[in-house]
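To start, the structure itself, in C-alpha cells.
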Amino acid sequence: MAHDAPQAAGPSKLVIRNVGLMLSGALEKPILDADTIVAENGKITGIGRFKDLDTAGATTTIDANGTTVAPGLIDSHVHPVAGDWTPRQSQINWIDSYLHGGVTTMISAGEVHMPGRPRDVVGLKAMAIFAQRAFWTLRPGGVKVHAGAPVIECEMVEDDFKELAAAGVKLLGEVGLGGVKDGPTARKMVGWARKYGIQSTIHTGGPSIPGSGLIDKDVVLEADTDVVGHINGGHTALPDDQIRCICEGCKRGLELVHNGNERSALFTLRTAHEMNELGRVILGTDAPAGSGVQPLGILRMVSLLSSLGEVPAEIAFCFATGNTARMRALDCGLIEVGRAADFVIMDKAQHSPGKTLLDSVRLGDLPGIGMTIIDGIVRTQRSRNTPPATKVPEIVSGHK
C-alpha cells in the first residue's frame, strides 16, 4: 500500500518559474497573466512575473519549461475504504494512481464498500469517525482524502448529527444508499446535518449496487442536499425532463461523474450553461465501483465536457478545481494567495493534433502530466498513467 509521502522537514519555499500558461481554477478569470508562483510552507504567497516576485531563498525551484500549471484536481465523489486499498475491485494503490492523474484532493461520498459495513446507529457513527481520523492521518502519496461520510439510517436522531460534528465529521454519505430513501425523512436529517456544519450529497438516478434504489427528482428536490450527487446517474440516469427539473428547481451543486451516463452529463452541462450557472458544475469519478478504478477519470471528464460540451478547456478545468473548492469550502483548488500550494503541471500529449494544451483538450485528447505538487512539495514527476507530455518541468534546485 502507498503510505504517507514525506512532509517538509522545516521552513520551505517553492518557486515555479517559466510557466507557459497558468490556469486559475476560477470561472470569472480562468487564465492568469503570470509566469511564476511562489509558495512558502505549503501556501501560495506570490503570483505574477518572475522579475516582480521575491524568489530568493527558494528551497525548491522548478523550471516549468513553458508548460501549463493548474490547481491540483479535486475528485468530488470517491468511495474509499481502508488506506490505499479497495475491496470493491481488490486493488491496492488506487489513490496513488489517481495522483498520477492529477488528483490531489478527494471527497468521500461514503465508505459504502467496507466489508461488513454496520447499519446500526452506533456502528455507523463509529465507522465514520474512524474513517475521518484515519484518512486525515494517512495521505497516500500526499493526496488529501476528506473521508468519514456516514450513510444515514432512519433510526438516527438530531443528537447523532451533533455528536458526529463534534467528533470532526463534516460530510454525509450519499443519501439513499441506506435506509433513508424518502423525501421527508431525508429533508429532516439533511437539515440536522446542515445545522451542525455537515455537508450532504444525495444519490441520484437508478440503483448502482444491490441494496440501493431509485432516487428520482421529487426526492432530490425535497431532500435539498448541498450537492446533487451524480446527476448524470451512477450509473443509470434519470430522464432528461427530470434532470432539467432538478437543475431549475434548486440552486445546489450539480455533480457530473465519470461512472455515469455521458449523454446525460452533456445534457446537464448544456442546461446549466443555458441558465448561466456553470458555477454549480463539479466533477467526480464515483469510484472505486463496479466500473473499476479510473486514475484518469477527472481528466477524461474535463476532456469530454470541453470537446463535446462546447465549453472552453480552461472553463472545464474550473469544474474540477475552483468550483469544487468553493462549494466544498476547501483551501485548495484555486491559484490565489493564501491557498494551499497544490498544483498539477501539464502539457499537450505527444503527437496530439492540438497546437496547445487547451486546443488538444478541446479536441478530446488527454493532457500529459509532468508533475504534481501538494502543500508545496513535489509528489510525482512524469505521470505513469497519462500519455507522455510534449514538454515536462524540471527541478533545477532542491530535492529531486
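The values are calculated or read from the model by the stated rules, or taken from the named source; none is laboratory data. Everything numeric in this text was worked out from a predicted model, so none of it was measured. All Cβ positions, even for glycine, are placed from backbone atoms using ideal geometry, and neighbour counts span all protein chains on display. In case anyone asks, the SASA skips ligands and DNA or RNA and just uses the protein heavy atoms, side chains included. Shrake-Rupley method; radii C 1.70, N 1.55, O 1.52, S 1.80 Å.
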Separation in nanometres of the label points that stand 7 Å from Cα toward Cβ, at Val121 and Gln91 = 3.8
In nm, the gap between the two label points placed 7 Å beyond Cα toward Cβ at Asn18 and Lys188 is 6.4
At what distance in nm do the modelled label points of Cys154 and Thr137 sit from each other, each positioned 7 Å from its Cα along Cα→Cβ?
-> 3.6
Keeping all protein chains in place, calculate the accessible area per residue for the chain (probe 1.4 angstrom), answer in Å².
-> 37
Counting DSSP beta bridges with both ends in the range 7-126, the antiparallel % (nearest 5) = 60
Identify, among Val151, Ile95, Val392, the residue whose Cα sits farthest towards the positive end of the charge dipole of the chain, taking +1 on the Cβ of Lys and Arg and -1 on the Cβ of Asp and Glu, with the dipole about the Cα centre.
-> Val392
Charge tally in the Cβ shell below 15 Å around Val219, where Lys, Arg are +1 and Asp, Glu are -1, Val219 excluded = -1
Rounded to a whole number, what % of the accessible area of the chain do carbon and sulfur atoms account for, probe 1.4 Å?
-> 52
Ordered by packing density, taken as the mean number of other Cβ atoms within 10 Å over each peptide's residues, highest first, how do 282-288, 29-35, 138-144, 369-375 rank?
-> 282-288, 369-375, 138-144, 29-35
Please work out whether the range 285-363 counts as rounded, prolate or oblate from its C-alpha gyration tensor, where a ≥ b ≥ c are the square roots of the eigenvalues and a/c under 1.5 means rounded, while otherwise a/b larger than b/c means prolate and anything else oblate?
-> oblate
Computed on Cα atoms, the radius of gyration and Dmax of the chain in angstrom are 20.3, 62
Rounded if a/c is under 1.5, else prolate if a/b is larger than b/c, else oblate: which is the range 332-400, with a ≥ b ≥ c the root eigenvalues of its Cα gyration tensor?
-> oblate
Note, Asp35: beta-carbon cut-off 13 Å, +1 each Lys/Arg, -1 each Asp/Glu, net 0
Shape call, the range 184-334: gyration tensor on alpha carbons, a/c limit 1.5 | rounded
When the charge dipole of the range 1-148 is computed with +1 on Lys and Arg Cβ and -1 on Asp and Glu Cβ about the Cα centre, the Cα farthest towards its positive end, among Gly116, Trp136, Ser12, belongs to Gly116
Protection proxy ranking, peptides 152-160, 181-189, 60-68, average beta carbon neighbours within 10 Å, highest first | 60-68, 181-189, 152-160
R0 = 60 Å: FRET efficiency of Phe130 with Phe50, Cβ-based, nearest 0.05?
-> 0.85
Averaging sequence separations of C-alpha pairs under 8 Å and six or more residues apart, then dividing by the length of the chain, give the relative contact order as a whole percent.
-> 21
Give Lys144/Lys170; Lys29/Lys348; Lys29/Lys251; Lys43/Lys251; Lys170/Lys195 a once-over and call out the pairs whose C-alpha atoms are over 20 Å from each other.
-> Lys29/Lys348; Lys29/Lys251; Lys43/Lys251
Quick one: dipole size for the chain, taken about the Cα centre, charges +1 on Lys/Arg Cβ and -1 on Asp/Glu Cβ, in debye to the nearest 20.
-> 640
With charges set only on the Cβ (+1 for Lys and Arg, -1 for Asp and Glu), what does the dipole of the range 45-166 come to about its Cα centre, in debye to the nearest 20?
-> 300
For the chain, what does -39500 (n - 2.57) per DSSP helix run (n ≥ 4), summed and divided by total residues, give at 222 nm, in deg cm²/dmol to the nearest 500?
-> -8000 deg cm²/dmol
Roughly how many whole Å is it from the C-alpha centroid of the range 109-159 to that of the range 12-87?
-> 30
May I ask you to derive the relative contact order of the range 272-330, considering only C-alpha pairs under 8 Å and at least 6 residues apart, and to give it as an integer percent?
-> 35
Under a no-solvent Debye model with one identical scatterer per Cα of the range 124-192, what's log10 I(q)/I(0) at q = 0.16, 0.21, 0.22, 0.24 Å⁻¹?
-> -0.54, -0.84, -0.90, -1.01
By a straight-distance test (C-alpha under 17 Å), which aspartates and glutamates pair with Lys355 as possible cross-link partners, with residues fewer than eight away in the same chain excluded?
-> Glu314, Asp347, Asp365
Assigning unit charges at the beta carbon (Lys, Arg +1; Asp, Glu -1) and nothing else, what dipole magnitude in debye, to the nearest 20, does the range 191-265 show about its Cα centre?
-> 220
Pick out, from Gly191, Thr36, Ser291, the residue whose Cα sits farthest towards the positive end of the charge dipole of the chain, with +1 on the Cβ of Lys and Arg and -1 on the Cβ of Asp and Glu.
-> Thr36
